[in-house]
Amino acid sequence: MHAFSLASIPMVSNLLKTLKKFSQIKANEHTIMAVLAVIVGLAGGFGAVGFRYLINFFQTIAYGSPSELLHVVQKLPWYYKLWIPAIGGMVVGPLVYLLAREAKGHGVPEVMEAVALRGGLIRKRVVLIKTLASAICIGTGGSVGREGPIVQIGSAIGSSIGQMLKVSADRMRTLVGCGAAAGIAATFNAPIAGSMFALEVILGDFGLATFSPIVISSVVATAVSRYFLGDTPAFIVPAYELVSAWELPIYMVLGLFCAIVGVTFTRTLYKLEDLFDDFKFPGYLKAIIGGLILGAGGLLVPQILGVGYGAIDLALIQKYSWWLLLVLVFSKILATSITIGSGGSGGVFAPSLFLGAMAGGFFGTVVHDLFPGVTATPGAYSIVGMGAVVSATTHGPMAAILILFEMTGSYTIILPLMLSCIIGTIAAGQLFRESIYTLKMIRKGINIQAGKEINVLRSMHVRDVMNSRVETVPESLSLVNLAEKISKSKYNSFPVLNAENRLAGIISFNDYYEAMFDEDLKDIVVAKDLASTDVVTVSSEDDLYTALEKISLKDFSTLPVVSPDDPQQLVGIVTRRDIIGAYEKAVIKKSLFKG
């Protein structure tokens, strides 16, 4: 299968060639990035619109109508609800497993990883595979959102354009952020929120050089979305008013409640992902099992199928009882966790909005019944709850506040929204340190919050800096000959090899220092007698951060490097100086070629 490429379209190809020449001119940095931001915004906007149409296409094939899925499934026989999600899993599982495994799941952590470790490089085929897999998953009833896939699709488009133009690493990261912002902006008709999501969650950089192109991409993508999809809000939002100043403490309690919901969602998602990973069954078929379980749940609560915007609209206008709202909170957590954990493809942003609407509606119903004179209707708490749960799951309160603000268009909602979102973020961080995005990377050993120096070291491998010409000593080498070898070597520790030339130990300065001055031992002691057999090694495929951790464990000066396939096959040696030198060169290179 040929990798998907935007350059295959003649008009786009000619435009990219022109831009490539333009990018080589000593033009103003902001001008170049502004032009590139427009291109990414256009591509991201069209990608978001195309993705929406593709979901409708697959939903029409699966259920016979592109209308709101909740209304469609309620009119269908029970066996449709049961089997269609499983059929979707039968297609999505092999598609993702065999062609692009980074297309599995919710997408945003993969973009954050690409920005942190690979300079924004994302495989071009991800655009195609993620689009197809997520559209099929959502179109057949998968309990996931379209925002995560659109972020990954937009980011992959930005990365693809950057790769075609051979831009620097910093420009590449900015273009990835432009793609992410374009995706969110086009989805929610919210250009400010799209910009903030990219800056706050994806890049973590609010500098002017980054801010300007991301805003441009968001505006352009929103214009494209409005042209094709209309200038309409994402949800039917009721009129809001702050009934009393006494409501503000109540909204703070809502923030705490939403933090519990958000953390429960995050932990459950990864627990079920682990459960499916441990399940002894072919990986590409697990999505069928997940689809069947989801379909069975949809027989009882059809609201959990698909993106769930129809159910959110009904919660906002208070069409659900308090007990059903609470049932939908737990049902949606399980449904989304099963869909993603079993191998489905889709986002967690829309499920977080769903959970917030239901949790907020439940909370609002309770407090309105208790304090009817000083509280708004439950629909108002549903609105604020949506932002609070998104904040609690993503740890991105500014993006959540702005998305809900742009959707309502009401400034009066800002006070309770800000309170609940900030309280939700702080409380969620206290209950569980990681967000729903960063937890996935932490589980892979990537910590983007630990500092850029760690990410620099994690982006390089031991094989790139090790010395493959190793000074070794045989086990049988006498102390006299060992002393002679040491006097001629620049090293003070040596790997020890057995008769089969396999690593048997390591001998360091502390091991041989005292023996060197004992005349009685010179003729009877050999290297094997002095060497330590408890050898700390590093694989040639390990990253430099892992190597630095091991070399710092007991203040070693060198580490033997072994084959990843055979822990006794010595292939090189790496020193602390090698690691620090490689880091310094990477930082200097980044500084010289910044821009």
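One table, with the values for the structure above:
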| read-out | value |
| --- | --- |
| Every residue from the range 512-535 that is modelled with pLDDT of 70 or more and either closer than 21 Å to residue 486 by Cα or crowded, with 20+ Cβ neighbours inside 10 Å (or both) | 512, 524, 525, 526, 527, 528, 529, 530, 531, 532, 533, 535 |
| Of all residues in the range 306-328 being assigned to a loop (DSSP other than H, G, I, E, B) and within 29 Å of the chain's Cα centre (by Cα), the one that is surrounded by the fewest Cβ atoms within 10 Å (Cβ to Cβ) | 307 |
| Cβ pairs under 8 Å, 6+ apart, first in the range 211-227 and in the same structural domain as residue 191 (by TED's automatic domain parsing) and of a type in the set (Ser, Thr, Tyr), second surrounded by fewer than 24 Cβ atoms within 10 Å (Cβ to Cβ) and not in a helix (DSSP H, G or I) | 222/189; 225/189 |
| Residues satisfying the stated conditions in the range 299-314, i.e. of a type in the set (Gly, Ala, Ser) and at pLDDT below 90 | 306, 308, 310 |
| Failed item, numbered, when residue 317 is tested on (1) over 23 Å from residue 389 (Cβ atoms); (2) in contact (Cβ under 8 Å) with a residue 40 or more places away in the chain | (1) |
| All positions within the range 130-143 that are at pLDDT below 85 and surrounded by fewer than 24 Cβ atoms within 10 Å (Cβ to Cβ) | 131 |
| Candidates 220, 243, 263 - the one that is among the β-branched types (Val, Ile, Thr) and farther than 26 Å from residue 361 by Cβ | 220 |
| Residue match in the range 78-93 (condition: modelled with pLDDT of 85 or more and over 24 Å from residue 341 (Cα atoms)) | yes |
| Residue in the range 411-468 that is modelled with the lowest pLDDT, counting only those that are in a loop (DSSP other than H, G, I, E, B) and touching a strand residue (DSSP E or B) at 6+ places or on another chain (Cβ under 8 Å) | 459 |
| Criterion: out of contact with any Leu (no Cβ under 9 Å at 6 or more places or on another chain) and either in the same structural domain as residue 291 (by TED's automatic domain parsing) or modelled with pLDDT under 70 (or both) - qualifying residue of 146, 118 | 118 |
| Complete set of residues in the range 360-410 that are assigned to a helix (DSSP H, G or I), over 28 Å from the mean Cα position of the chain (by Cα) and small (Gly, Ala, Ser) | 361, 364, 379, 380 |
| Residue under evaluation residue 331, criteria (1) crowded, with 24+ Cβ neighbours inside 10 Å; (2) at pLDDT 90 or above; (3) closer than 19 Å to residue 276 by Cα, criterion not met | (1) |
| Options 363, 354; residue that is touching a residue at least 24 places away in the same chain (Cβ under 8 Å) and over 29 Å from residue 150 (Cβ atoms) | 363 |
| Filter result for residue 547 (in a helix (DSSP H, G or I), touching a Leu at 6+ places or on another chain (Cβ under 8 Å) and at pLDDT 70 or above) | yes |
| All positions within the range 266-300 that are within 24 Å of residue 361 (Cα to Cα) and surrounded by fewer than 17 Cβ atoms within 10 Å (Cβ to Cβ) | 299, 300 |
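Each row is one residue, and each column tells you yes or no for (1) under 25 Å from residue 336 (Cβ atoms); (2) out of contact with any helix residue (DSSP H, G or I) (no Cβ under 9 Å at 6 or more places or on another chain).
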residue: 238; (1), (2): no, no
residue: 246; (1), (2): no, yes
residue: 251; (1), (2): no, no
residue: 256; (1), (2): yes, no
residue: 271; (1), (2): yes, no
residue: 282; (1), (2): yes, no
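The values are calculated or read from the model by the stated rules, or taken from the named source; none is laboratory data. Note that the structure is a prediction, hence the values are computed from the model and not measured. Positions of Cβ are backbone-derived with ideal geometry, glycine not excepted, and every protein chain shown enters the neighbour counts.
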